[in-house]
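Notes follow once the structure below has been shown.
The values are calculated or read from the model by the stated rules, or taken from the named source; none is laboratory data. Since the structure is predicted, the reported quantities are computational estimates derived from the model, not experimental observations. Note: ideal-geometry Cβ built from the backbone for every residue, glycine included; neighbour counts use all protein chains shown. What goes into the accessible areas is simple: the full protein's heavy atoms, side chains included, and nothing from ligands, DNA or RNA. Shrake-Rupley method; radii C 1.70, N 1.55, O 1.52, S 1.80 Å.
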Amino acid sequence: MIKCSDISAEALSFLGAMEKRDFSVHSVFAHALNIQCGDDLITILSKGRDVFPLSIVSAEETDFEELGIRQGGLCEVSFSEKRITASDVSFDFSDAGITDCDILIVGSKKISSEKAKPEDVFSRISVIEKFVLQNGNPGGVLPLLCTDGSVQQNIWSAFLKGRTEDLEKDIIRVFRCDNKLITPYTEEIFRASPEDCSVCDRFVLMENHFGKITGAGPGLTPSGDDFITGVLAAVFTLASEGLITRETAGRIGECAALNVKKTNTISGSFIKQASRGCLSRSIIELSLSLFKADCSENELLSKATRVLDFGSSSGTDILTGFLFASYAFYKAYSVSKR
Amino acid sequence: MAKSRLNELFEKELIIVSLGVDTFYQDMKKQGFSTIHVDWKPVAGGNEKLANMLSLLE
Amino acid sequence: MNTAFDFPTMKEEMQVVKLEIRKNAYYDSVTLMIISKDLKKLPGVKEALVGMGTDLNKEISHNIKLNSPELDAITGNDFFVAVECETEDVMKTAIAKVDELLNKKKEISIANYYPPTLESALKIDPDLNLALISVPGKYAAGVAHECLDKDINVMLFSDNVSLEDEKKLKEKAVAKGLLMMGPDCGTAIVNHVPLAFANVVSKGDIGIVAASGTGLQEVTCIIDQMGAGITQALGTGGRDLKDEIGGLMYNMELDALINDPSTKVILCIAKPPGKDTQTKMLKKIKDGGKPAVVFFIGGNPQEVEDMGLVGAVSLEDSARKIVALSRGETPVTFEGFDIGEEAAEKFVKDEIAKYAPTQKYFRGFYSGGTLCDEAIKIMIHQLGDIYSNIPLKPENQIENKDISREHTCLDFGDDEFTRGRPHPMIDTSIRVERIIREGNDPEVAIVVLDCVIGYGSCDDPATDLAEAMVKAQKIAESQGRHITYIASVCGTEKDFQGLTKSRDTLRNSGAMVMPNNAQAIHLAMKILKELENR
């Protein structure tokens, strides 16, 4: 019987809705175990790993492969006993601490403290960008961040370059038409190009453009998917801080979610969760520290590091997407000089 | 007198993090000690792009 | 009639594209990255695409002409490796590599994946309690601060850290009760874990504090060789006892040993401290109430004895005395030879008989700084001038480190020798080269070497040094001379290179192997004294 120390609130309510059911083991890794529950995956993680939506963290260092748990094996969930059993190994989450992974909920729960000034937020984003360019894995979408050519494009980033630029246009337009984003020049933009405010069409295009990125790239979670997760993380962060409406964030998320069939189950699961604003704890921590009034560069970078560490290039790709969407917001907010 | 922190350390298992060259880590791993190696790199600083982007905020 | 067939002379390029597919197989991202990297490194591999079989990845494979009907048929939940190779043989190697990596995947993902920061390491193990820092000097202080802030004890192997930074770090550490050994701390044994350059030493009841790396190695090894053992061997870095730092770490470590129930006796090693610091330190040891030996390398043991503590005249002497104290025996000063006076004198006579009239000087080529320092300090009274890169007298600073002058004693671990090169304990080549070159010098009579084994040192320093000595001796003999090689091995039987094995290797090359540095030096001095009288 292995005790679990943490469980995400989403996993808890998901399992609660299931009661006693037989599921199957989707995949087994040294430090993670994925259980297929209908259309979704519940993941059990080894000690010390970051909590993400629909995950449970073991209180001990666990090697799931060594435990003899096999892909396809039967898995039993008993919510009343707070226990999951796979191949005779039981995981007990009755004492697990509950962690919210929904940034909108976490954001609303936090003690309202002073917010950072927009220029400070902006300069922090710039600091993170420099950090990622210096320390990130250049094998995924990182080269897209680099406008001066100092990081070489690889096969994947070259493929995605035009596609992400298309997505950027959609996001900027959608932000500009958001009710929260009121600038003195909004009316001028509407008058100048009325078709740009056909927001519904813009969302259709966005769904299509997300689809042209989903599934592309190296890794178990293809780089394009991680990029999308990062984009959604930034979008929901903006919503959580009240800079765009939750409605806009939700619709952007929907556009991404409609494409999850284009990728594998594991990666798709992350996109699905992100499309509802459900993110891993380390991404939430980073997002919150961006907007905190008082945040030192060291603190910021140490939080960015935790995200950078995911997988081999996943962390880099997520941060790339996050920065991409953050800059899109600033571009939407600014006025291009004529 | 309360035990000093260092005296307490003498009674614990040493769990070592090595930062920098990994030969020391390899040696400790060979002997079976609890150890982890950090492939340490310096953190970036500086902000040229900030200047560029800030101009867009005007 | 001779019929010749025309064969096409144009060499056709073979493009072989092969696919490995694992259906419904999931490998973690680190493994996938390693596979991709390693395949691309193989000679003859032009392109390798590793990933999940999503529509877009299949599209990309089409774009670079690595597609095939089998690849088109797989799904996003299937894993593929598509490789473009020059020949079928390269393809076989590539496929074998993929299999090897996939089967070894667990070891690899743990063994080759190093977390990139302290934060990420703490995520993996929040109980880390000691950091061994060997990052470049420029960043070392920053990293040390980070560790101390996270309540992690520090061993700072890096050097080129300013005195100011050292002081700030130690003040922080002392306030928190944490170790901050260093900078430039190359040796420690904490809770019986050999850290950086250190030997495997038996457990016992002797606690040691040393402001010196090789000094600590030498005494711990001699203690072990005498059948005794240690509780802790703590370092402080070379500058801790200067008045500017005031022995911050030395005193904290002394307190801990004084209060450690397992430590019965305490050995202190250092270069002579600043006056104030010395007085404070000796008083602390005295008040501590445990029998103690204090050895200030090159210092006056009388100052120690005046405080009612036991002084020493060499590293060996300090080790012998602390073992005596731990056994409840009376410590007695030792400056003799394990082989005995008679045997030593016979050796001296035999060697002198082989010298040419031009031979009169001693050369010391050391990998351990403290051993070099000890050699100079023991010999200076008899020799007067000893040229060195770490001289005792400023006027003895050697002009050109690559050319010996009269009596010369060099520390090959010092900055000017190690710039851009590994330390001589790791890489013997610079000393080896010098030993051989010195064979040409008509004035050299004696060469003294240290051979440090244990962790941090290379696999077999004894063999490298032995081969060099044989070569050099051949050169000398061809010119009608004989060089006396005297070597000592700093190590224990438990070290992986083996104490006896290393000694035997050196002995077999014709060197006179002495049990430790002090005896090697005393033997050299004996020869030189005879030479003078000749």
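By accessible area of protein heavy atoms, probe 1.4 Å, what ranking do B:29, C:526 get, highest first?
Solvent-accessible surface, decreasing: B:29, C:526.
Compute and list, largest first, the equivalent-ellipsoid semi-axes of the protein assembly as shown from the alpha carbon gyration tensor, each √(5λ) rounded to a whole angstrom.
62, 34, 27
What average count of beta carbons from other chains do you get within 10 Å of the Cβ of residues in B:23-36?
So the per-residue partner count for this stretch is 5.
Put +1 on the Cβ of each Lys and Arg and -1 on the Cβ of each Asp and Glu in the protein assembly as shown; which of A:205, A:150, C:85 then has its Cα farthest toward the positive end of the dipole?
Ranked along the dipole, the leading option is A:205.
Straight-line reach from residue C:354: which lysines fall under 20 Å, measuring Cα to Cα and dropping same-chain residues less than 8 apart?
List returned: C:346, C:471, C:474, C:526, C:529.
Taking the Cα centre as origin and putting +1 on Lys and Arg beta-carbons and -1 on Asp and Glu beta-carbons, what dipole magnitude results for the range C:341-533, to the nearest 20 debye?
320 debye
Could you compute how much accessible area chains A and B hide from each other, both sides summed, with a 1.4 Å probe? Nearest 100 Å² is fine.
That pair hides around 1400 Å² of surface in total.
Among the aspartates and glutamates, which fall within straight-line cross-link reach of residue C:501, defined as a Cα-Cα distance under 14 Å, with same-chain neighbours fewer than 8 residues apart omitted?
Answer for residue C:501, where 14 Å is the Cα cut-off: C:459, C:460, C:464, C:493, listed by chain and number.
Along the charge dipole of chain A, pointing to its positive end and built from +1/-1 on Cβ of Lys, Arg, Asp and Glu, which listed residue (A:4, A:295, A:79) has its Cα farthest out?
A:295
Return the single residue from A:125, A:252, A:283 with maximal mean-square fluctuation; model: Gaussian network over chain A, springs between Cα atoms under 10 Å.
Looking only at A:125, A:252, A:283, the biggest GNM fluctuation is shown by A:125.
Just list whichever of A:47/C:167; C:321/C:393; A:303/C:97; A:212/A:331 have alpha carbons separated by over 27 Å in the model shown.
A:47/C:167; C:321/C:393; A:303/C:97
Given the rule -39500 (n - 2.57) for each run of at least 4 DSSP H residues, summed and divided by the residues of chain C, what is its mean residue ellipticity at 222 nm, to the nearest 500 deg cm²/dmol?
That comes out to -13000 deg cm²/dmol.
Accessible surface of residue A:109 in the full protein assembly, 1.4 angstrom probe, to the nearest 10 Å²?
My reading of the accessible area for residue A:109 is about 140 Å².
How compact is chain A by the rule of thumb for globular proteins, expressed as Cα Rg over 2.2 N^0.38 Å?
Normalised by 2.2 N^0.38 Å, the Cα Rg of chain A equals 1.01.
Over the Cα atoms of the range A:209-338, Rg to Rh with Kirkwood Rh, two decimal places?
0.97
For the range C:189-335, with the dipole built from +1 on Lys and Arg beta-carbon atoms and -1 on Asp and Glu ones, taken about the Cα centre, which of C:191, C:247, C:278 lies farthest toward the positive end?
C:191
Restricting to Cα atoms and excluding each atom paired with itself, what does the Kirkwood estimate give for the range C:341-533 in Å?
Taking the inverse mean of 1/r over all distinct Cα pairs, the range C:341-533 comes out at 16.5 Å.
Any idea of residue C:114's accessible area? Nearest 10 Å², probe 1.4 Å.
For residue C:114, solvent-accessible area is about 50 Å².
What is the magnitude of the charge dipole of the protein assembly as shown about its Cα centre, with +1 placed on the Cβ of each Lys and Arg, -1 on the Cβ of each Asp and Glu, and no other charges, expressed in debye to the nearest 20?
With Lys and Arg at +1 and Asp and Glu at -1, about 680 debye.
Could you give the C-alpha radius of gyration of chain C expressed as a fraction of 2.2 N^0.38 Å, taking N as the number of residues it contains?
Scaled against compact globular proteins, the figure is 1.25.
Using only helices, what value at 222 nm comes out for chain A when you add -39,500 (n - 2.57) per DSSP H run of length 4 or more and divide by the total residues, to the nearest 500 deg cm²/dmol?
When only DSSP H runs of four or more count, the value is -15000 deg cm²/dmol.
Using only the heavy atoms of the protein chains and a 1.4 Å probe, how would A:14, C:417 rank by accessible area, largest first?
From most accessible down to least: A:14, C:417.
Just read off the accessible area of residue A:156 with the full protein assembly in place, 1.4 Å probe, to the nearest 10 Å².
Using a 1.4 Å probe on the heavy atoms, I get roughly 20 Å².
With all protein chains present and a 1.4 Å probe, how do A:1, C:181 order by accessible area, largest first?
Ranking A:1, C:181 by accessible area, largest first, yields A:1, C:181.
Tell me, what is the Rg over Rh of the range C:189-335, with Rh the Kirkwood radius over Cα pairs?
0.92
So, how do all the Cα-to-Cα distances of the range C:139-261 break down into 10 Å bins, in percent, from 0 on up?
Pairs per bin, as whole percents: 15, 47, 31, 8, 0.
Dipole size in debye (nearest 20) for the range A:2-99 around its Cα centre, Lys and Arg Cβ +1, Asp and Glu Cβ -1?
Charge dipole of the range A:2-99: 100 debye, to the nearest 20.
Could you run the Karplus curve 6.51 cos²θ - 1.76 cosθ + 1.60 with θ = phi - 60° over the range C:509-514 and give me ³J(HN,Hα) per residue in whole Hz, x for Gly and Pro?
8, x, 7, 8, 9, 9
Please compute, for peptide A:259-268, the average count of beta-carbon atoms on other protein chains lying within 10 Å of each residue's beta-carbon.
Mean shielding count: 4.
Mind checking the mean number of beta-carbon atoms from other chains within 10 Å of the Cβ atoms in A:215-227?
Neighbouring Cβ atoms belonging to other protein chains average 6 per residue here.
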